[in-house]
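Peer 1: Input: one structure, supplied below.
The values are calculated or read from the model by the stated rules, or taken from the named source; none is laboratory data. These figures come from a predicted structure and were not determined experimentally. In this analysis, Cβ positions are derived from the backbone assuming ideal geometry, glycine residues included, and neighbour counts consider all displayed protein chains. We work out accessible area using only protein heavy atoms, side chains counted, and drop any ligands, DNA or RNA first. Shrake-Rupley method; radii C 1.70, N 1.55, O 1.52, S 1.80 Å.
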Amino acid sequence: MTNDADAAMVTDALQHVLTGKRLIAVRYADVDHGAAIPYWREGDRDNLGHGIELDFADGSTWSIIWEQRGSQDGLDIWCGPLMPVHLREARFWDVTRRWRRRGPRTITDLQVFWWPERPAWECGSPGSLSLGGLVLRDHARDRQAIITIDHRFDVNVYFTPGRARRDGHFNKNYLEFGKEPLRTEDGTASDR
């Protein structure tokens with residue numbers, strides 16, 4: 001995005017399209033390390049080399065992947081599968097049961113975070129904005145999935161915001177165009 005108005009417009013569109021959708025399946029796309037054990041599973045963080053596919057009850061599949069354009073990196077989200085257009089080779093893991101135990105089932109709220117090309121402490125204008133994170137919430141079940149990109153260009157999934165913050169996500173450099181603040185495990189609003 002080239003400015004705040006574009007980022008706000010994309011945020012509104014994502015909220016409009018995804019809010020109210022019921023998840024029926026989730027798959028992680030990772031680098032194929034040839035291991036039988038999930039390489040991406042890191043305790044309270046899932047760390048993926050490529051991205052995520054979300055299947056919804058209305059028959060649609062939405063994909064989230066890390067993307068680099070020139071010197072900019074961020075998340076990309078669209079309606080459609082990851083392969084064959086965005087990925088040529090990956091190992092897919094069905095994580096539907098994991099998400100049913102820990103994540104949202106219906107997206108009742110979607111929060112979007114952006115980060116500037118240049119951090120706030122550097123001189124000049126911030127430049128373009130990249131999609132830095134999504135929070136998919138299910139208020140009825142009091143669950144959420146936090147999807148971010150990290151400095152290694154991996155996609156991370158958190159089910160609690162504490163670990164995401166400890167990993168440096170949602171700090172003062174993120175710009176938020178969501179409906180409500182990111183909440184801590186005890187339900188209080190975060191202090192940014």
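Peer 1: Would you tally the residues in the stretch 1-42 being open to solvent by 60 Å² or more (accessible area, probe 1.4 Å) and among the aromatic types (Phe, Trp, Tyr)?
Peer 2: So the count comes out to 1.
Peer 1: Give the residue that is farthest from Asp138 (Cα to Cα), with candidates limited to residues of the stretch 40-64 that are of a type in the set (Asp, Glu) and part of a strand (DSSP E or B).
Peer 2: So, considering only residues that are of a type in the set (Asp, Glu) and part of a strand (DSSP E or B), the one farthest from Asp138 (Cα to Cα) is Glu42.
Peer 1: Anything in the stretch 140-162 that is of a type in the set (Gly, Ala, Ser), under 19 Å from Ile107 (Cβ atoms) and open to solvent by 10 Å² or more (accessible area, probe 1.4 Å)? List them, or say none. First the steps, then the outcome.
Peer 2: Pass one, the stretch 140-162, residues of a type in the set (Gly, Ala, Ser): 140, 145, 162.
In the following step, the residues that additionally are under 19 Å from Ile107 (Cβ atoms) were identified as 140, 145.
The one that is of a type in the set (Gly, Ala, Ser), under 19 Å from Ile107 (Cβ atoms) and open to solvent by 10 Å² or more (accessible area, probe 1.4 Å): Ala140.
Peer 1: Looking at (1) open to solvent by 50 Å² or more (accessible area, probe 1.4 Å); (2) modelled with pLDDT of 95 or more, which one does Ile52 not meet, given that it meets all the others?
Peer 2: So the condition that Ile52 fails would be (1).
Peer 1: Mind checking which residues of the stretch 80-96 are open to solvent by 80 Å² or more (accessible area, probe 1.4 Å) and either under 15 Å from Trp66 (Cα atoms) or part of a loop (DSSP other than H, G, I, E, B) (or both)?
Peer 2: Those that are open to solvent by 80 Å² or more (accessible area, probe 1.4 Å) and either under 15 Å from Trp66 (Cα atoms) or part of a loop (DSSP other than H, G, I, E, B) (or both): Pro84, Val85, Arg88, Glu89.
Peer 1: For the stretch 55-76, name all the residues that are open to solvent by 60 Å² or more (accessible area, probe 1.4 Å) and either basic (Lys, Arg) or touching a His at 6+ places or on another chain (Cβ under 8 Å) (or both).
Peer 2: Trp66, Arg69
Peer 1: Let me ask something additional. Would you check if Trp99 is in contact with a Ser or Thr (Cβ under 8 Å, 6 or more places away or on another chain) and either at pLDDT below 90 or within 26 Å of Ala57 (Cβ to Cβ) (or both)?
Peer 2: no
Peer 1: Across the stretch 1-39, what is the total count of residues that are assigned to a loop (DSSP other than H, G, I, E, B), modelled with pLDDT under 95 and within 24 Å of Ser60 (Cβ to Cβ)?
Peer 2: Total meeting the criteria: 1.
Peer 1: Now, a different point. Out of all the residues in the stretch 70-92, is one or more modelled with pLDDT of 85 or more, of a type in the set (Phe, Trp, Tyr) and touching a Leu at 6+ places or on another chain (Cβ under 7 Å)?
Peer 2: Within the stretch 70-92, not a single residue is modelled with pLDDT of 85 or more, of a type in the set (Phe, Trp, Tyr) and touching a Leu at 6+ places or on another chain (Cβ under 7 Å).
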